[in-house]
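*Asks:* Handing you this structure, nothing more for now.
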Amino acid sequence: MSLRAALVLAGGQSKRMGRDKAMLPWHGRPLLDHMIGLAREAGIDHVYVSGNRPGYRSILDLEPGLGPLGGLASAAAALPDGRLLVLAVDMPRLTPSLLRALMDNDTHGRAHDGCVCHEGAPLPMVLVLRGDTRTAMADCLAAGGRGASIRALQQRIGTHVLATTPAIGLMLANVNTPAEWEALSS
């Protein structure tokens, strides 16, 4: 099962940021474009975006307001079985080499049960998309609350967790507030 697709989760409301995180400027272009570029540099042929993003290869949320897992479940309903690299739009320090290493760890069969991610960070992840994974997403969403999360899905489907060094931890940092964004972009 080759990995040829990626999904950038960018359908959130960015409430803590106070403005659309996907459109924040990062090195002269929107953060969403940066994240799509990272996936392509890592060797992904098809990059999709969750949420209502005109001008992008968007997959609309079937049920808006269900958070990242809702966006992932909507994409899973539209995409064929296979391995999927899942990224959050708010992780600008990721690198193509980190994503390739994540995908390489999956290639060695470690995600055959569900997914591969780094310790302490549910995203990015390589997810094996198939019928039982879609069922697990639906079950997690039906559970609601903390059960309707990417972490809950990972616990349910089985996850191979990679060690996170301090350097990798910096790359895995996401930004949710104006203060975090200011610190990151200065």
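The values are calculated or read from the model by the stated rules, or taken from the named source; none is laboratory data. Remember, predicted model here, so these are calculated numbers, not experimental data. Cβ sites come from the backbone with ideal geometry, for glycine too, and all protein chains shown count toward neighbours. Accessible surface areas use protein heavy atoms only, side chains included; no ligands, DNA or RNA. Shrake-Rupley method; radii C 1.70, N 1.55, O 1.52, S 1.80 Å.
*Asks:* Picking from ALA73, ALA22, ALA101, which is most flexible by a Gaussian network model of the chain using Cα springs under 10 Å?
*Replies:* Looking only at ALA73, ALA22, ALA101, the largest GNM fluctuation is found for ALA101.
*Asks:* A follow-up question, please. What is the set of long-range amide H partners of LEU123 at a cut-off below 5 Å, with H atoms built 1.01 Å from backbone N?
*Replies:* Amide H neighbours of LEU123: none.
*Asks:* Compute the signed sum of charges (Lys and Arg +1, Asp and Glu -1) over the other residues within less than 14 Å, Cβ to Cβ, of ARG16.
*Replies:* Neighbourhood net charge equals -1.
*Asks:* Evaluate E = 1/(1 + (r/R0)^6) for ARG130 and ALA173, where r is the Cβ-Cβ distance and R0 equals 25 Å; express this FRET efficiency to the nearest 0.05.
*Replies:* 0.20
*Asks:* Okay, moving on. Could you please report the charge total around LEU172, scoring K, R as +1 and D, E as -1 over all other residues with beta-carbon less than 12 angstrom from its beta-carbon?
*Replies:* Numbers: positive: ARG93; negative: ASP90, GLU119.
Net charge in that neighbourhood comes out at -1.
*Asks:* For the chain, give me the percentage of DSSP beta bridges that are antiparallel, rounded to the nearest 5 percent.
*Replies:* Of the beta bridges lying entirely in the chain, close to 40 percent run antiparallel.
*Asks:* So for each of 56-62, 29-35 I average, over its residues, the number of other beta carbons within 10 Å; can you give me the resulting order with the highest mean first?
*Replies:* 29-35, 56-62
*Asks:* So for the pair ASP45, ARG57, with labels modelled 7 Å out along Cα→Cβ, what separation do we get in nm?
*Replies:* Roughly 1.0 nm, to one decimal.
*Asks:* Right, something else. Net charge around ALA75, counting only other residues with Cβ within less than 15 Å of its Cβ (Lys, Arg = +1; Asp, Glu = -1)? Working shown, then result.
*Replies:* Details: positive: ARG4, ARG53, ARG57, ARG83, ARG130, ARG134; negative: ASP61, GLU63, ASP81.
Residues close to ALA75 contribute a combined charge of +3.
*Asks:* Quick one: with all protein chains in place, what share of the accessible area of segment 142-186 is carbon or sulfur, to the nearest percent (1.4 Å probe)?
*Replies:* Reported share for carbon and sulfur atoms: 58 percent.
*Asks:* Per the helix-only calculation at 222 nm, which mean residue ellipticity applies to the chain, given -39500 (n - 2.57) for every DSSP H run of n ≥ 4 and division by its residues, nearest 500 deg cm²/dmol? Working shown, then result.
*Replies:* On the way: 7 runs with 68 residues, N = 186.
Calculated mean residue ellipticity at 222 nm is -10500 deg cm²/dmol.
*Asks:* Expressed in nm to one decimal, what extension gain is obtained for the pair ARG100 and ALA183 from 0.36 nm per residue of sequence separation less their Cα-Cα distance?
*Replies:* 27.2 nm
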